1. How big, on average over all directions, is the shadow cast by the Cα convex hull of the range 1-78, in nm²?
2. Which entries of K85/K380; K50/K294; K137/K380; K129/K209; K337/K363 have Cα-Cα distances beyond 19 Å here?
3. Using alpha carbons only, how many angstrom separate the centre of the range 176-224 from the centre of the range 100-158?
4. Mind jotting down a quarter of the surface of the convex hull over the alpha carbons of the range 90-248, in square nanometres, one decimal?
5. Work out, in µm²/s and without decimals, the Stokes-Einstein translational diffusion coefficient of the chain at 37 °C, 0.692 mPa s, Rh from Kirkwood over C-alpha pairs.
6. Could you tell me which GluC sites (Glu not before Pro) in the range 254-326 are loop residues by DSSP with no more than 11 other beta carbons within 10 angstrom of their beta carbon?
7. Mind checking which lysines have their C-alpha under 21 Å from K249, skipping anything on the same chain fewer than 8 residues away?
8. Using 1/(1 + (r/R0)^6) with R0 = 30 angstrom and r between the beta carbons of L237 and S110, what's the FRET efficiency to the nearest 0.05?
Amino acid sequence: MQINNLTHDPSTRIGIVGAGCAGLTAAEELRDLGYKNLTIIDTKNRVGGKTYSIRYGDTTPQSRGIYEGGTVWILPSPLYKKYKKRYGISPNYRLMPPVQVFDLATGRVSSPFLIKSKSSLLSRLRQLKTFFQELGKYTRYDDPGYLNPIYRAMNESSPQWFAKQDLDFIREALIPIANAAQFGHLEENISIAYVIRLLALLNRCSLPKKLLLNMPQLQEGNQDLWNRIGATHNLCLGQTIKRFSRGKKILLETFSNQWEFDHLIWTAPVDEFLRVADASPEESDIFSRVREIKRAVITCRVEGLTPGIFYCVKNTANNPLPPSYPLAIYEVDRGSKIYNFYPFMDETTTVEELKNNVVDLVKRLGGTEVKLLGEPLIWKWFSHFSSQDLENGIYERLEMLQGCDNTYFSNELTAGVSVPYGMEYAADLVQRFFSQKQSSAVKMKTSQELYVMEQT
Ligand SMILES: Cc1cc2nc3c(=O)[nH]c(=O)nc-3n(C[C@H](O)[C@H](O)[C@H](O)COP(=O)(O)OP(=O)(O)OC[C@H]3O[C@@H](n4cnc5c(N)ncnc54)[C@H](O)[C@@H]3O)c2cc1C
């Protein structure tokens with residue numbers, strides 16, 4: 001493997017694989033640094049990756065006429081702010097309904113922090129204070145991905161960590177939401193590092209938003225920002241990569257094109273990398289350790305449900321549910337009768353099972369008729385490592401790959417899940433390897449530098 005030092009030459013040919021938020025952020029930040037020879041390649045015929053807005057009707061003052069097939073919430077990030085302004089996205093967000101927890105066992109609906117619990121009011125308040133203070137350690141915009149060595153030691157399981165910290169009420173209140181958002185049926189077995197990284201996103205919000213969880217969306221549809229950014233770059237969409245090889249130059253071949261690059265930023269999943277690349281033994285070893293699941297988004301027209309709901313379905317150890325049971329449901333526009341459902345999938349889950357579980361949930365919520373709007377969208381989801389790999393320093397090994405053979409990785413594996421994390425990691429990677437200035441991420445961090453920014 002070779003590590004080459006980059007000279008700041010604007011004509012350097014840089015290929016970017018993947019036109020999701022990571023790929024487009026990398027392109028945007030490279031162009032800001034003066035690089036002019038950028039090519040973005042994606043297998044799909046659209047940009048945005050997992051940010052995917054689908055029109056179902058007209059836009060009116062009451063409704064966007066859009067449902068989100070991927071990214072649901074716009075979570076605070078200075079980069080969002082910068083790009084929204086740069087690309088003329090409306091300054092006003094559209095606020096979603098507050099999240100409530102629906103307990104399938106009892107039929108009870110309540111705000112997450114008002115759920116029935118053995119914890120007294122005083123204990124709840126103490127836990128809230130302690131927890132949000134603890135999250136402060138992980139709430140930084142310039143601390144992307146798992147670069148911070150703090151995560152290596154965070155390999156104990158999520159339930160163990162919450163019990164040890166005496167934060168049982170927080171787990172009861174927030175885990176149904178974390179499971180609906182990211183972990184599905186996995187929370188009991190994954191490292192606390194992943195859970196904390198997800199919940200740290202909450203800490204970027206104002207206190208009322210943290211408590212109510214009424215999160216914003218872009219009026220134009222969450223994908224629109226990426227459509228606008230993509231339109232200003234050299235995009236090659238609908239390209240299936242056959243192979244690429246790295247010698248003095250990087251040669252990348254699709255079924256209809258061939259490119260020569262000096263550097264390549266890979267923002268697609270790493271199993272795709274292993275399929276087409278001349279992977280080194282280290283790349284093969286690290287990427288073959290990656291675990292993932294699938295999640296689905298099912299959009300239906302439903303009669304008889306309460307309008308304007310956003311429910312997360314409780315699935316804790318006491319209320320186990322099959323992985324394929326929807327863990328969230330919300331009406332996409334109040335009064336539209338169009339609802340999104342969010343189940344996960346394991347190796348055995350069938351599409352039939354997903355649909356049957358949606359019908360079951362609708363029935364339990366008092367709905368009468370369900371009509372699917374198209375087939376479920378199925379996403380590859382949550383690339384992560386085992387606790388053992390985390391403890392053995394897998395993220396340090398992953399970071400050591402950056403720049404080897406002029407190849408860089410910036411995706412959900414390196415960044416963590418969510419658009420802010422994807423953007424911030426990509427921007428930091430560009431600073432670290434393509435700018436003459438030292439990146440913020442390689443500076444030593446002190447706890448005094450921690451801050452929380454209220455954005456929405
Ligand atoms: C249902 C759902 C809900 C979500 N909700 C939220 C939310 O509320 N808030 C939030 O911030 N985030 C949310 N996310 C997560 C967020 O969307 C992702 O973390 C983020 O979009 C990842 O961006 P990325 O660029 O790293 O990857 P992706 O968006 O996955 O982009 C990767 C790109 O690579 C392309 N690609 C794949 N394979 C190849 C190949 N072989 N060759 C070329 N191109 C390839 C893909 O087509 C894609 O465009 C959600 C995601 C889903 C699916």
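The values are calculated or read from the model by the stated rules, or taken from the named source; none is laboratory data. Just so you know, these numbers come straight off a predicted model, no measurement behind them. Cβ placement follows ideal geometry from the backbone for every residue including glycine, while neighbour counts extend to all protein chains displayed. Protein only, heavy atoms only, side chains kept; ligands, DNA and RNA dropped before computing areas. Shrake-Rupley method; radii C 1.70, N 1.55, O 1.52, S 1.80 Å.
1. Averaged projected hull area, Cα only: 8.2 nm².
2. Checking Cα-Cα distances, K85/K380; K137/K380 exceed 19 Å.
3. Taking the Cα centre of each part, the range 176-224 and the range 100-158 sit 10 Å apart.
4. Averaged projected hull area, Cα only: 14.6 nm².
5. It diffuses with D of about 143 µm²/s by this estimate.
6. The qualifying sites are E303.
7. K36
8. Given R0 = 30 Å and the Cβ-Cβ separation, E is 0.10.
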